Amino acid sequence: MAESPAINTSPLIFLTKGNFLELLQLLSTEIIVPAAVATEIRRIGETDVTAQALASTDWLLVRETPPIPAVIQSWDLGTGESAVITWGYIHPSTEIILDDLAARRCAKALGIPVRGTLGLVLKAKLQGKISAARPVLEQLRLSGMYLSDRVMNQALKLVGE
């Protein structure tokens, strides 16, 4: 059985600000937050809703990651992205949650299963956890997630919307 998935900063922020954090539990009862990601979130400030969720949600588990392997460093990604990919790299077949395109390409090149915020919403729709994906995606866009109309409409067709 695969270990708990690890999440990067931006999906965690979007899901928290959009009030959809619980969708992560469709993937696992526990979600790994690499320490580098937790540090990025805490830098936003203690009064930020994501920092508060990180501090008060017992199934968001902050974990240290080992040093970033050279194969990941060579992609020149951000600290959080590199830590999440490292988690997936050292825990084979463990899914990671990333939105950054370059980071997703790195993960795929290394054979690490990756899902984005959009993919999580589509999974929720397909499993009947939400009645419609469009309003969720619209709220996530209002929360700062970049998603073009073209990509959103293509994705919604996949779930019959």
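Each reported figure results from applying straightforward, stated rules to the coordinates on display, with no laboratory input. Since this is a predicted model, take the numbers as computed values, not measurements. Using ideal geometry, Cβ is built from the backbone for each residue, glycine included, and neighbour counts are taken over all protein chains shown.
Of note:
- Whichever aspartates and glutamates have a C-alpha closer than 19 Å to that of residue 129, once near sequence neighbours (fewer than 8 apart) are set aside: 22, 30, 138, 161
- In the calculated pair-distance distribution of the range 1-46, the portion above 17 angstrom amounts to 33 percent of the Cα-Cα pairs.
- The range 85-161 versus the range 1-44: alpha-carbon centroid distance in Å: 13 Å
- Relative contact order (percent, whole number), the range 90-130, Cα cutoff 8 Å, 6+ residue spacing: 39 percent
- The range 44-102: radius of gyration and largest Cα-Cα distance (Dmax), Å: 13.2, 36
- Taking the chain as a Gaussian network of alpha-carbon nodes connected by springs under 10 Å, the highest mean-square fluctuation of the residues 68, 13, 44 belongs to 44.
- Residue among 95, 64, 81 with the largest mean-square fluctuation in a Gaussian network model of the chain, springs linking Cα atoms under 10 Å: 64
- Mean separation of Cα contacts under 8 Å (6+ apart) over length of the range 6-118, as relative contact order %: 30 percent
- Farthest toward positive dipole pole in the range 37-161 [+1 Lys/Arg, -1 Asp/Glu at C-beta], among 41, 101, 156: 156
- Helix content alone sets the calculated 222 nm mean residue ellipticity of the chain: runs of n ≥ 4 DSSP H residues at -39500 (n - 2.57) each, divided across all residues, give -14000 deg cm²/dmol.
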